[in-house]
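Read the structure below first, then the notes.
The values are calculated or read from the model by the stated rules, or taken from the named source; none is laboratory data. These figures come from a predicted structure and were not determined experimentally. All Cβ positions, glycine included, derive from the backbone under ideal geometry; neighbour counts span all protein chains shown.
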Ligand code: ADP
Ligand code: MG
């Protein structure tokens with residue numbers, strides 16, 4: 001709070017900051033707010049998605065406008081209706097204690113007369129999409145001839161979407177001596193052109209490296225045959241039972257098709273693309289925000305409005321044409337300080353694109369292998385065990401217990417457990433046992449059905465801590481390395497799940513590692529590491545599932561703590577599928 005005060009924000013805004021629960025300004029806020037408050041200047045601010053750009057221009061704008069006047073003084077242009085509404089909502093929260101400040105949203109797909117009416121009542125700040133804004137200017141429903149500030153938010157996305165002409169048009173209706181604040185995640189040529197043409201010696205601030213993706217994102221690619229994209233996607237989802245993801249496709253048609261298939265296969269999925277009506281899109285987005293949809297299949301354009309913080313995985317079902325677009329996609333995860341994974345499903349012939357992206361984002365991809373069926377079964381089994389452990393008992397089962405007790409009489413505890421987890425396990429097992437593993441490893445080795453394939457003799461481990469203990473793949477790696485005194489490269493393929501994780505080491509360090517974790521207690525709780533019977537992760541592993549199984553026998557991981565939301569694998573979709581499946585139009589290609 002003190003830090004926000006030091007930036008020069010007035011009392012009423014600090015109260016709003018407090019209500020929002022912001023404790024320290026983000027880097028872009030720290031840099032931009034004082035500049036914007038102290039001087040009348042143009043500004044170009046480059047900062048990745050999720051770095052708090054809205055507040056960086058929103059607070060100064062509210063503080064600087066003349067609340068005594070009802071003239072429109074500030075215009076914020078943003079690429080999509082969703083973003084426009086988000087920004088408007090945020091601005092209203094910022095101006096919570098400034099009752100005379102009116103913020104009005106203008107966007108397509110809603111009544112233009114109603115929007116015109118709101119503006120007539122006095123809107124010092126307008127948040128608009130370029131298309132509708134231009135329309136309203138042409139119809140003289142809005143006057144931006146006296147604005148002092150113009151914000152171009154997500155400028156790169158606006159230009160990507162082809163709004164260059166509209167923006168030029170709109171700007172030509174604004175006074176020359178206004179200040180223009182341009183915010184963008186990246187600085188492609190077009191943005192530079194706008195800056196040069198419409199701005200007067202702007203100050204520049206950059207947060208993080210220019211044109212680079214967020215560093216909290218791990219980038220992974222999976223090489224598959226061209227026909228295996230969909231089965232690969234399914235496996236990626238099955239290895240991450242708590243996945244909350246956006247799956248990007250290139251065309252509306254593919255987007256619809258992939259979503260439909262996922263729904264048919266029992267996943268909580270939904271489609272988001274331009275052929276859906278606004279109402280349908282709103283339904284899908286709401287379900288996604290509430291996490292009723294775990295896999296949102298979307299086109300790049302439709303996904304532009306998505307501002308959801310907890311996305312765990314971005315899956316590139318197909319790579320985009322533009323590298324810039326990849327940056328936008330992967331920026332949907334790893335937000336608000338969380339870590340995320342961006343997965344790319346590629347065919348061998350597309351591998352050079354991976355190289356090109358690596359160059360651009362200055363980060364290396366991890367080459368991974370599509371998990372084998374057995375590995376998926378193992379993960380699902382642990383996940384189920386955890387779910388049973390974490391389930392809150394419903395008191396209403398009480399009256400039925402005596403009868404249930406009768407049915408299950410004579411089954412001892414061990415047998416009961418085995419039967420219970422088999423209910424779920426068998427379904428996966430049967431599915432994956434029937435389906436050969438995908439030929440997917442970049443090294444060219446092929447997994448076979450049910451086979452514990454080994455590539456380089458690495459050892460795969462299970463550990464009973466995961467995300468809900470506050471770990472992500474980076475922090476868990478550090479924790480294990482420190483505990484076992486391992487070197488930098490001894491540990492790899494760390495896969496963090498909700499309440500457990502997997503990782504690999506070379507066989508040489510295995511004994512040391514197991515010794516270090518023997519009877520290890522952290523915060524009063526045993527941290528349990530065991531050798532996994534699956535090679536797992538990305539191909540590392542050892543033969544000898546039997547030995548490992550024997551070793552594990554009698555030790556079961558019915559671990560820890562709460563939570564455990566997860567897709568129900570019932571055949572057929574969840575309760576929301578009806579809604580999501582509506583609006584199935586055979587779309588055209590972009
Ligand atoms: P960007 O426009 O850069 O993508 P947003 O402005 O949408 O990012 O902010 C992303 C998220 O971070 C929002 O949920 C916002 O409320 C939150 N946020 C912004 N600033 C702060 C802050 N200083 N402290 C905590 N959360 C913040
Ligand atoms: Mg933004």
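Could you check, for region 363-380, whether at least one of its residues is surrounded by 20 or more Cβ atoms within 10 Å (Cβ to Cβ), in contact (Cβ under 8 Å) with a residue 24 or more places away in the chain, over 23 Å from residue 315 (Cα atoms) and in contact with a helix residue (DSSP H, G or I) (Cβ under 7 Å, 6 or more places away or on another chain)? No, because not a single residue in region 363-380 is surrounded by 20 or more Cβ atoms within 10 Å (Cβ to Cβ), in contact (Cβ under 8 Å) with a residue 24 or more places away in the chain, over 23 Å from residue 315 (Cα atoms) and in contact with a helix residue (DSSP H, G or I) (Cβ under 7 Å, 6 or more places away or on another chain).
Could you count how many residues in region 471-492 are touching a residue at least 60 places away in the same chain (Cβ under 8 Å) and buried (at least 16 other Cβ atoms within 10 Å of the Cβ)?
Quick first cut of region 471-492, residues touching a residue at least 60 places away in the same chain (Cβ under 8 Å) only: 472-474.
Okay, now just the ones that are also buried (at least 16 other Cβ atoms within 10 Å of the Cβ), so 472-473.
Summing the residues that are touching a residue at least 60 places away in the same chain (Cβ under 8 Å) and buried (at least 16 other Cβ atoms within 10 Å of the Cβ) in region 471-492 gives 2.
All of (1) touching a strand residue (DSSP E or B) at 6+ places or on another chain (Cβ under 8 Å); (2) more than 16 Å from ligand 1 (Cβ to nearest atom); (3) within 23 Å of residue 299 (Cβ to Cβ); (4) in contact (Cβ under 8 Å) with a residue 60 or more places away in the chain hold for residue 161 with one exception: (1). Candidates 50, 74, 68, 108: the one that is in contact (Cβ under 8 Å) with a residue 24 or more places away in the chain and within 12 Å of ligand 2 (Cβ to nearest atom) is 50. Do you know which residues across region 155-183 are more than 16 Å from ligand 2 (Cβ to nearest atom), within 22 Å of residue 56 (Cα to Cα) and assigned to a helix (DSSP H, G or I)? Those that are more than 16 Å from ligand 2 (Cβ to nearest atom), within 22 Å of residue 56 (Cα to Cα) and assigned to a helix (DSSP H, G or I): 167, 171.
Matching residues to (1) touching a helix residue (DSSP H, G or I) at 6+ places or on another chain (Cβ under 9 Å); (2) within 16 Å of ligand 1 (Cβ to nearest atom); (3) in a loop (DSSP other than H, G, I, E, B); (4) farther than 17 Å from residue 240 by Cα:
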| site | (1), (2), (3), (4) |
| --- | --- |
| 318 | yes, no, yes, yes |
| 335 | no, yes, yes, yes |
| 343 | yes, no, no, no |
| 392 | no, no, yes, yes |
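Residues in region 46-63 that are over 22 Å from residue 92 (Cα atoms) and either part of a loop (DSSP other than H, G, I, E, B) or at pLDDT 95 or above (or both): 2 in all.
Pull up region 5-29, narrow it to residues that are within 9 Å of ligand 1 (Cβ to nearest atom) and assigned to a helix (DSSP H, G or I), then point me to the one that is nearest to residue 327 (Cα to Cα).
The first filter runs over region 5-29 and keeps only residues within 9 Å of ligand 1 (Cβ to nearest atom), leaving 17, 20-26, 28-29.
When the remaining residues are screened for being assigned to a helix (DSSP H, G or I), the result is 17, 20, 28-29.
Working: 17: 30, 20: 28, 28: 19, 29: 22 Å.
Filtering region 5-29 for residues that are within 9 Å of ligand 1 (Cβ to nearest atom) and assigned to a helix (DSSP H, G or I), the one nearest to residue 327 (Cα to Cα) comes out as 28.
Can you confirm whether residue 183 is at pLDDT below 90 and under 30 Å from residue 321 (Cβ atoms)? Steps first, please.
Values: at pLDDT below 90: no; under 30 Å from residue 321 (Cβ atoms): yes.
No.
The residue of region 34-47 that is nearest to residue 187 (Cα to Cα), among those that are buried (at least 24 other Cβ atoms within 10 Å of the Cβ) and within 11 Å of ligand 1 (Cβ to nearest atom), is 46.
It is to be established whether one or more residues within region 81-104 are under 20 Å from residue 171 (Cβ atoms), crowded, with 16+ Cβ neighbours inside 10 Å and away from ligand 2 (no atom under 16 Å from the Cβ). Steps first, answer last, please.
Of all residues in region 81-104, those under 20 Å from residue 171 (Cβ atoms) come to 83-84, 87, 104.
Next cut, crowded, with 16+ Cβ neighbours inside 10 Å only: 83-84, 87, 104.
From what's left, away from ligand 2 (no atom under 16 Å from the Cβ): 104.
Yes, some residue in region 81-104 is under 20 Å from residue 171 (Cβ atoms), crowded, with 16+ Cβ neighbours inside 10 Å and away from ligand 2 (no atom under 16 Å from the Cβ).
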